[in-house]
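The structure follows.
The values are calculated or read from the model by the stated rules, or taken from the named source; none is laboratory data. Just so we're clear, the structure is a prediction, and the values are computed from it rather than from any experiment. For neighbour counting, all protein chains shown are included, and Cβ atoms are generated from backbone atoms with ideal geometry for every residue, glycine included. For accessibility, only protein heavy atoms count, side chains too; no ligands or nucleic acids. Shrake-Rupley method; radii C 1.70, N 1.55, O 1.52, S 1.80 Å.
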Amino acid sequence: MKEEIQRLKDLQEVDLEIGKIEKEMAAGNEMLSSRKDSIEKHKTDIAEYEAKLEEGETRRRELEAEVEDAQLMIKDRQNKLMKVQTNREYQSILKEIDDAKNDNRQRDDELVRLLEQAEYLQKKKDNQVALCEEEETQYNEDSAKLEKEAAALKTKMAKLLKTRATKEKKVKAALLRKYEQIREKRDGVAMVGVNRGVCHGCFMNVPPQLYNELLREDKLHACPTCNRLLYNLPDSEEEPAA
Ligand SMILES: [Zn+2]
């Protein structure tokens, strides 16, 4: 049994290393993907500002055409004024001119507001464009760097998987099944050391009786709290906490 325990320990050791590499790869990908999300968000914002700018520009052209039309109309009415016969007609044309001038004043006000708004939107847009470019440059740098790292990690991983296959073969089938089941349920850790009566999987005390049996190494025991398989971990072998 002592040998069986050692084989499981060896297998767990490789599995922990594999897990570490998997985490490292996932972290890199996650970082890149969150960068990408941020870039996409900038692009959405930029598109929104562009749409608003376009909308403002359309409205500006519309208003300018209206102003021009109104000016022509005013000129036309002013000419008519010279030829009118009655006072009533005269008053009516005057009012028309007055109204048209009023409308144009309002249009001018709106044009000023549109100009201010366009300046504001342009500033916002420029800001987003700058941020976006900065992040894209960073993304490309990180992506190239990660690609290199990933290649190295993959090589490392391939070696580890080979080692794992060898070590796995040495473990009895029933034991291996049990190990895999626990590993799946317990975050990749199925085999843990017990040091000074404390399980290093859940950091709870194991009962003294169990601890004594564990020291004999003639049977495989499981932690009553976390269910992981246990081995004795003397002080001398204790690893510093990760
Ligand atoms: Zn435990």
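Looking at segment 61-76, which of its residues are touching an Asp or Glu at 6+ places or on another chain (Cβ under 9 Å) and not small (Gly, Ala, Ser)? Steps first, answer last, please.
As a first pass, look at segment 61-76 and keep what is touching an Asp or Glu at 6+ places or on another chain (Cβ under 9 Å): 63, 66-67, 70, 73-74.
Leu63, Glu66, Val67, Met73, Ile74 - these are the residues of segment 61-76 that are touching an Asp or Glu at 6+ places or on another chain (Cβ under 9 Å) and not small (Gly, Ala, Ser).
Quick check on segment 218-236: of everything there that is modelled with pLDDT of 90 or more and not in a loop (DSSP other than H, G, I, E, B), which residue is nearest to the chain's Cα centre (by Cα)?
Here the answer is Leu229.
Restricting to segment 179-207, give me the number of residues that are open to solvent by 90 Å² or more (accessible area, probe 1.4 Å) and modelled with pLDDT under 95. Before the answer, list the steps.
Within segment 179-207, the subset open to solvent by 90 Å² or more (accessible area, probe 1.4 Å) is 181, 184-185, 187, 196, 203-205.
From the residues that got through so far, the ones that are modelled with pLDDT under 95 too are 187, 196.
Total meeting the criteria: 2.
Quick check on Asn227: is it within 16 Å of the ligand (Cβ to nearest atom), touching a strand residue (DSSP E or B) at 6+ places or on another chain (Cβ under 8 Å) and open to solvent by 50 Å² or more (accessible area, probe 1.4 Å)?
On the way: within 16 Å of the ligand (Cβ to nearest atom): yes; touching a strand residue (DSSP E or B) at 6+ places or on another chain (Cβ under 8 Å): no; open to solvent by 50 Å² or more (accessible area, probe 1.4 Å): yes.
Spelling it out, it is not the case that Asn227 is within 16 Å of the ligand (Cβ to nearest atom), touching a strand residue (DSSP E or B) at 6+ places or on another chain (Cβ under 8 Å) and open to solvent by 50 Å² or more (accessible area, probe 1.4 Å).
Scanning for something part of a helix (DSSP H, G or I), within 16 Å of the ligand (Cβ to nearest atom) and surrounded by 12 or more Cβ atoms within 10 Å (Cβ to Cβ), does segment 165-178 turn up at least one residue?
Filtering segment 165-178 for residues part of a helix (DSSP H, G or I) gives 165-169, 173-178.
Those still in the list that are within 16 Å of the ligand (Cβ to nearest atom) too: 178.
Right, trim to surrounded by 12 or more Cβ atoms within 10 Å (Cβ to Cβ) and you get 178.
Checked against the condition, which is being part of a helix (DSSP H, G or I), within 16 Å of the ligand (Cβ to nearest atom) and surrounded by 12 or more Cβ atoms within 10 Å (Cβ to Cβ), segment 165-178 yields at least one hit.
Condition test on Leu215, is it at negative phi, assigned to a helix (DSSP H, G or I), more than 16 Å from the ligand (Cβ to nearest atom) and touching a strand residue (DSSP E or B) at 6+ places or on another chain (Cβ under 8 Å)?
Working: at negative phi: yes; assigned to a helix (DSSP H, G or I): yes; more than 16 Å from the ligand (Cβ to nearest atom): yes; touching a strand residue (DSSP E or B) at 6+ places or on another chain (Cβ under 8 Å): yes.
Against the criterion (at negative phi, assigned to a helix (DSSP H, G or I), more than 16 Å from the ligand (Cβ to nearest atom) and touching a strand residue (DSSP E or B) at 6+ places or on another chain (Cβ under 8 Å)), Leu215 qualifies.
Kindly check whether there is at least one residue in segment 69-88 that is of a type in the set (Lys, Arg) and touching a residue at least 24 places away in the same chain (Cβ under 8 Å). Spell out the reasoning first.
So the first thing to find is which residues in segment 69-88 are of a type in the set (Lys, Arg), and the list is 75, 77, 80, 83, 88.
Next, from what is left, pick out any that are touching a residue at least 24 places away in the same chain (Cβ under 8 Å): none.
No: segment 69-88 contains no residue that is of a type in the set (Lys, Arg) and touching a residue at least 24 places away in the same chain (Cβ under 8 Å).
I've got another one for you. Residues of segment 127-177 being closer than 18 Å to Lys20 by Cβ and basic (Lys, Arg), which ones?
Those that are closer than 18 Å to Lys20 by Cβ and basic (Lys, Arg): Lys154, Lys156, Lys159, Lys162, Arg164, Lys167.
Answer yes or no: is there a residue in segment 40-49 that is surrounded by fewer than 16 Cβ atoms within 10 Å (Cβ to Cβ) and basic (Lys, Arg).
Looking for residues that are surrounded by fewer than 16 Cβ atoms within 10 Å (Cβ to Cβ) and basic (Lys, Arg), one finds at least one in segment 40-49, hence yes.
Only residues that are of a type in the set (Asp, Glu) and within 25 Å of the chain's Cα centre (by Cα): list them for segment 133-170, please. Walk me through how you get there before you give the answer.
Restricting attention to segment 133-170, the residues satisfying the condition of being of a type in the set (Asp, Glu) are 133-136, 141-142, 147, 149, 168.
Residues satisfying the conditions are Glu133, Glu134, Glu135, Glu136, Glu141, Asp142, Glu147, Glu149.
Can you tell me which residue within segment 95-122, out of those that are open to solvent by less than 70 Å² (accessible area, probe 1.4 Å) and of a type in the set (A, V, I, L, M), is nearest to Glu64 (Cα to Cα)?
Only one residue fits best here, namely Leu111.
Residues in segment 183-201: is at least one within 15 Å of the ligand (Cβ to nearest atom), in a helix (DSSP H, G or I) and either in contact (Cβ under 8 Å) with a residue 60 or more places away in the chain or not polar (S, T, N, Q) (or both)? If you could, list the steps in order and put the result at the bottom.
Here is the first cut: in segment 183-201, the ones within 15 Å of the ligand (Cβ to nearest atom) are 183, 185-201.
Retained after the next criterion (residues that are in a helix (DSSP H, G or I)): 183, 185.
Add one more test, that the residue is either in contact (Cβ under 8 Å) with a residue 60 or more places away in the chain or not polar (S, T, N, Q) (or both), and what stays is 183, 185.
Yes: segment 183-201 contains one or more residues that are within 15 Å of the ligand (Cβ to nearest atom), in a helix (DSSP H, G or I) and either in contact (Cβ under 8 Å) with a residue 60 or more places away in the chain or not polar (S, T, N, Q) (or both).
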